[in-house]
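Engineer: Got a structure for you, written out below as structure tokens; questions coming shortly.
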Amino acid sequence: MSSIIIGAGAIAAKKALEKVAEDLYDFVSKQLGKKIKLWSTKRQIDKLYLRISHFRKVKTIWQIDKPVDIASFYCDAHFTFENKRKKIHQIADLPEKDNILIEGIAGQGKSILLRYLCIKELYLGNYIPVFIELRRITNTCFLKDRIFAEFEALGLTVDEDLFQSLLASGKILLFLDAFDEIPDELKSKVLTDIEDIAASKDNLRIIVTSRPNQSIRHSQHFTVTSLDNLRGNEFKEVICKLAKNEEWAKNLIDHIDTKAKHVKDLLCTPLMVTLLVMSYKSFQMLPVKLSDFYDGLFQMLLQRHDGTKPGYTRERSCDLDDFQYRHLFEMLCILAKKNGSQSFTKDLIYDLSKKVISECNLNENPDHYINDIVKITCLILREGEEYRFIHKTVQEYYTASFVQKRPEPWAQEFYKKIVDKKYLAEHHWEQELSFLSEIDVYRYNKYYLVPAILSFLNIPKIDLENPRRNNSQEDMNNFLKNVDFHLGEDGLRGMRHTPTSILYNDYAQKLFASLSLIRKNIRRKEFDEFIAKDPRKYDDFKLYIKTIDNKEFIPAYLLMGYPMFDDFFVPFTNKYCDELYEQAKSMINSMGVDENPSILNGLI
């Protein structure tokens with residue numbers, strides 16, 4: 001079990017911090033050739049310590065009334081790298097001494113992990129950690145502005161020369177949280193800024209977190225690791241951390257072990273365990289699928305105080321019933337999704353609230369509604385003049401819930417756009433589609449999944465009436481044109497792909513996982529020799545590498561004809577396409593049963 005030193009350990013941490021500050025002072029003074037005012041007094045060290053310690057206090061979906069110390073609920077995370085699973089206790093546990101991108105799916109606790117690592121480094125005393133929330137970047141306040149502002153908050157006013165010297169010292173650890181939450185239109189600029197900083201300073205180490213499939217994973221400046229899900233009985237440690245007492249935790253765990261074993265498969269992230277504990281505490285019931293964790297959340301939080309205090313009703317500013325509160329919240333979520341921001345100014349959140357109230361023909365004050373959501377449910381947090389959702393998946397679930405309740409023509413058009421705009425589907429709607437696959441099954445299958453499969457396989461619907469034709473060469477040409485491999489001297493090191501659909505992303509992930517079997521057998525030297533034997537491929541390759549900056553990535557289609565690769569890839573592609581083909585046929589047959597009007601005979 002992990003721990004962060006507290007209490008008396010703070011004295012030792014300040015001493016360690018003082019030593020790092022002294023080393024930093026000596027380095028910067030020598031490099032700039034002049035005396036620099038750094039953290040030279042006890043008061044300044046105390047301020048530095050308090051600012052960094054500030055990041056151990058967070059508001060979570062479990063404890064939303066006030067910030068809590070992450071030491072009170074944090075459980076060790078695991079990452080996977082080169083097919084090995086390992087606990088993360090500190091930065092030194094991460095692979096190599098390189099810049100690291102930590103990828104994780106929704107709810108795995110990426111931000112909490114990064115805060116934990118930041119605080120752990122404070123107590124270890126090897127670095128001065130600098131923590132930046134990337135969601136706060138705007139078109140008027142870019143990455144360097146945020147870093148300068150954080151140094152200012154740490155008690156140090158910096159100019160460009162001092163900034164460069166600090167980064168070169170080897171004593172700064174830069175933690176960048178949630179690359180995926182940067183506004184889309186700014187991601188390219190921010191990635192360039194990150195890479196410029198990384199490329200200019202060999203002694204600087206940068207740790208970034210993000211959801212998967214973001215552009216930063218293709219950067220040559222980062223080694224990519226993945227957070228792993230909870231496995232086996234690891235969910236029990238999370239329950240014990242969150243439970244009000246040991247006996248209550250034991251009862252819940254016993255309930256899961258004896259009466260709800262099916263729930264274990266869902267308890268794969270700390271967020272899922274947290275939502276289960278909240279649900280069980282409020283309703284004495286266990287959810288049975290992913291969407292169930294979220295569906296009762298709004299109602300539970302809207303009435304959480306009312307149900308615990310007899311005769312007490314929490315005062316609300318709006319004259320709305322529970323259904324209207326939720327309906328407005330769902331519409332607010334999808335409008336915020338359309339806006340594309342992860343955080344909102346007071347003016348923006350007011351405008352969104354005003355719009356949803358107007359759309360629903362209600363006569364309510366937008367400020368009052370937002371205040372109720374913030375103060376009563378806490379699903380939207382207010383930090384100064386900034387507003388944000390308590391967790392990204394909250395917005396994503398209630399966006400999906402809004403879609404699920406729309407009339408048929410609206411839903412049909414929505415799914416059609418998602419299929420047509422494949423890039424949009426990959427980068428913006430993956431989690432919402434996951435929720436919709438559970439709460440809007442029929443329309444999701446009919447208007448999204450079946451058309452998406454047909455598009456992916458490049459076949460008309462009528463072809464599903466017959467056994468699938470074997471189109472190995474055509475399939476390979478179609479799929480491989482979107483894939484690049486990273487070949488190192490020691491074998492296949494990585495892969496990147498151009499997103500064309502969620503199905504393609506699934507295909508690419510399965511492909512690379514399976515390719516691990518032959519990674520060490522496809523080396524750069526053998527690739528170069530193979531290419532040199534085919535003049536057309538060699539010419540293609542020379543043209544290709546002129547168009548890209550990173551020549552380590554090689555188009556996968558150039559490996560076609562490489563015996564070991566073809567022997568693996570042809571059956572893999574056939575198997576995946578066969579599975580999709582049969583899935584589409586099965587769904588169409590199922591929908592035919594659902595649409596059979598004979599069930600109405602005798603009822604109407």
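What follows is calculated from the coordinates using simple rules that are stated; it is not laboratory data. What you are looking at is a predicted structure, and each value in this text was computed from that prediction instead of being measured. Note: ideal-geometry Cβ built from the backbone for every residue, glycine included; neighbour counts use all protein chains shown.
Engineer: Compute the relative contact order of the stretch 234-287 as a whole-number percentage, counting only Cα pairs closer than 8 Å that sit 6 or more residues apart in sequence.
Structural biologist: Values: 35 pairs, mean separation 20.9, N = 54.
It rounds to 39 percent for the stretch 234-287.
Engineer: Which value in Å does the Kirkwood hydrodynamic radius of the stretch 406-597 take, with 1/r averaged over all unlike C-alpha pairs and then inverted?
Structural biologist: 18.5
Engineer: Could you give the length gained by full extension between ASP26 and LYS264, i.e. 0.36 nm per residue of separation minus their alpha carbon distance, to one decimal place? Don't skip to the answer; put the middle values down first.
Structural biologist: Details: separation 238, 0.36 × 238 = 85.68 nm, distance 5.39 nm.
Stretched fully, the ASP26-LYS264 segment lengthens by 80.3 nm.
Engineer: Still on this model: From the helices alone, meaning DSSP H stretches of at least four residues, give me the mean residue ellipticity at 222 nm for the chain, per-run term -39500 (n - 2.57), in deg cm²/dmol to the nearest 500.
Structural biologist: Working: 24 runs with 302 residues, N = 604.
Here the helix-only value at 222 nm equals -15500 deg cm²/dmol.
Engineer: OK, next. Which whole DSSP H helices in the chain pass both tests: a Cα extent of 27 Å or more along the axis and a mean Kyte-Doolittle value no lower than -0.5? Can you show the working numbers first?
Structural biologist: Working: long enough: 9-32 (34 Å, 0.02); 563-594 (47 Å, -0.31).
The qualifying helices are 9-32, 563-594.
Engineer: Given contacts defined as C-alpha pairs under 8 Å and at least six residues apart, what's the relative contact order of the chain, whole-number percent? Show your work: numbers first, answer last.
Structural biologist: On the way: 759 pairs, mean separation 63.1, N = 604.
Over the chain, the number comes to 10 percent.
Engineer: Same structure, new question: Towards the positive end of the charge dipole of the stretch 102-170, with charges on Cβ (+1 Lys, Arg; -1 Asp, Glu), say which of GLN108, VAL130, THR140 has the farthest Cα.
Structural biologist: Checking the options against the dipole of the stretch 102-170, the answer is GLN108.
Engineer: Next question, about the same structure. Using just the Cα positions, wrap the stretch 9-227 in a convex hull and report its mean projected area in square nanometres, one decimal place. Don't jump to the answer; show the numbers that get you there.
Structural biologist: Details: hull surface 49.1 nm².
One quarter of the hull surface, i.e. the mean projection, equals 12.3 nm².
Engineer: Still on this structure, I have one more. If the viscosity is 0.692 mPa s and the temperature 37 °C, what translational diffusion coefficient in µm²/s does Stokes-Einstein give for the stretch 215-280 when Rh comes from Kirkwood over Cα pairs?
Structural biologist: On the way: Rh = 13.4 Å.
The Stokes-Einstein estimate is 245 µm²/s.
Engineer: What relative contact order, as a whole-number percentage, does the stretch 317-368 give when Cα pairs under 8 Å and 6 or more residues apart are counted?
Structural biologist: Values: 24 pairs, mean separation 23.8, N = 52.
Taking the mean separation of contacting Cα pairs over the length of the stretch 317-368, I get 46 percent.
Engineer: Would you mind counting up the charge near TRP248? Only other residues with Cβ under 14 Å from its Cβ, with Lys and Arg at +1 and Asp and Glu at -1. Walk me through the numbers on the way to the answer.
Structural biologist: Working: positive: LYS236, LYS241, LYS244, LYS250, LYS281; negative: GLU246, GLU247, ASP254.
Spelling it out: positives minus negatives among the neighbours equals +2.
Engineer: Roughly how many Å is it from the Cα centre of the stretch 574-603 to that of the stretch 348-394, as a whole number?
Structural biologist: The stretch 574-603 and the stretch 348-394 have Cα centres spaced 41 Å from each other.
Engineer: What nm value, rounded to one decimal, do you get for the distance between ASP540 and GLU438 when each label is placed 7 Å out toward the C-beta?
Structural biologist: 4.3
Engineer: What ranking, highest mean first, results for peptides 198-206, 452-460, 254-262 when packing means the other Cβ atoms within 10 Å averaged over each residue?
Structural biologist: Numbers: 198-206: 15.7, 452-460: 17.7, 254-262: 12.4.
Result, highest mean Cβ count within 10 Å first: 452-460, 198-206, 254-262.
Engineer: Please give the FRET efficiency for THR192 paired with LEU381, using the beta carbon to beta carbon distance and R0 = 41 Å, rounded to the nearest 0.05.
Structural biologist: On the way: r = 30 Å, r/R0 = 0.74.
About 0.85, to the nearest 0.05.
Engineer: Between GLU247 and ASN339, what length in nm is gained on full extension when 0.36 nm per residue of separation is reduced by their alpha carbon distance? All intermediate terms of the calculation are to be shown ahead of the outcome.
Structural biologist: Details: separation 92, 0.36 × 92 = 33.12 nm, distance 4.56 nm.
That pair, GLU247 and ASN339, stretches by 28.6 nm at full extension.
Engineer: How would you rank 211-218, 87-94, highest first, on the average number of other Cβ atoms within 10 Å across their residues? Intermediate results must be reported in sequence, preceding the final value.
Structural biologist: Values: 211-218: 17.6, 87-94: 15.4.
For the peptides 211-218, 87-94, the packing ranking is 211-218, 87-94.
Engineer: Express as a percent, rounded to the nearest 5, the fraction of DSSP beta bridges in the chain (both residues included) that run antiparallel.
Structural biologist: On the way: 25 of 43 bridges.
Approximately 60 percent, going by the DSSP bridge assignments.
Engineer: Could you sort the peptides 230-243, 558-571, 393-406 by per-residue average Cβ neighbour count (10 Å cutoff), highest mean leading? Intermediate results must be reported in sequence, preceding the final value.
Structural biologist: Numbers: 230-243: 17.6, 558-571: 15.9, 393-406: 22.2.
Output ranking for 230-243, 558-571, 393-406: 393-406, 230-243, 558-571.
Engineer: Shifting gears a bit: For the stretch 135-265, would you read off the P(r) tail past 21 Å as a percentage of all alpha carbon pairs? Kindly include the intermediate steps, with their values, before the conclusion.
Structural biologist: Details: 4843 of 8515 pairs.
Percent of Cα pairs beyond 21 Å in the stretch 135-265: 57.
Engineer: Still on this structure: Per 10 Å bin, what percent of the C-alpha pairs of the stretch 296-402 does each bin hold, from zero upward?
Structural biologist: 15, 51, 30, 4, 0
Engineer: Something else: Treating the stretch 122-161 as a set of equal point scatterers at the Cα positions, no solvent, please give the Debye-formula log₁₀ I(q)/I(0) at q = 0.17, 0.25, 0.34 Å⁻¹.
Structural biologist: Debye intensities relative to I(0), on a log10 scale: -0.51, -0.91, -1.15.
Engineer: Moving on to the next point. Residue by residue, what Karplus-based ³J(HN,Hα) values in Hz, rounded to whole numbers, does the stretch 365-373 have, using 6.51, -1.76 and 1.60 with θ = phi - 60° and x for Gly and Pro?
Structural biologist: These are the phi-based 3J(HN,Hα) values: 7, x, 4, 5, 5, 4, 4, 5, 4 Hz.
Engineer: Can you work out D for the chain in µm² s⁻¹ from Stokes-Einstein, where Rh is the Kirkwood radius over C-alpha pairs, the temperature is 20 °C and the viscosity is 1.002 mPa s? Provide the component values of the computation, followed by the final result.
Structural biologist: Details: Rh = 27.0 Å.
My calculation gives 79 µm²/s for D.
Engineer: Compute the FRET efficiency between ASN470 and LYS405 as 1/(1 + (r/R0)^6), taking r as their Cβ-Cβ distance and R0 = 41 Å, and round to the nearest 0.05.
Structural biologist: On the way: r = 43 Å, r/R0 = 1.04.
So, using R0 = 41 Å, E works out to roughly 0.45.
Engineer: 7 Å from Cα along Cα→Cβ at both LEU600 and LYS87: what's the point-to-point distance in nm?
Structural biologist: 6.1
Engineer: Could you work out how much longer the chain between ASP351 and LYS575 gets when fully extended? Use 0.36 nm per residue separation minus the Cα distance between them, nm to one decimal. Kindly include the intermediate steps, with their values, before the conclusion.
Structural biologist: Details: separation 224, 0.36 × 224 = 80.64 nm, distance 5.01 nm.
Taking 0.36 nm per residue and subtracting the Cα distance, the gain is 75.6 nm.
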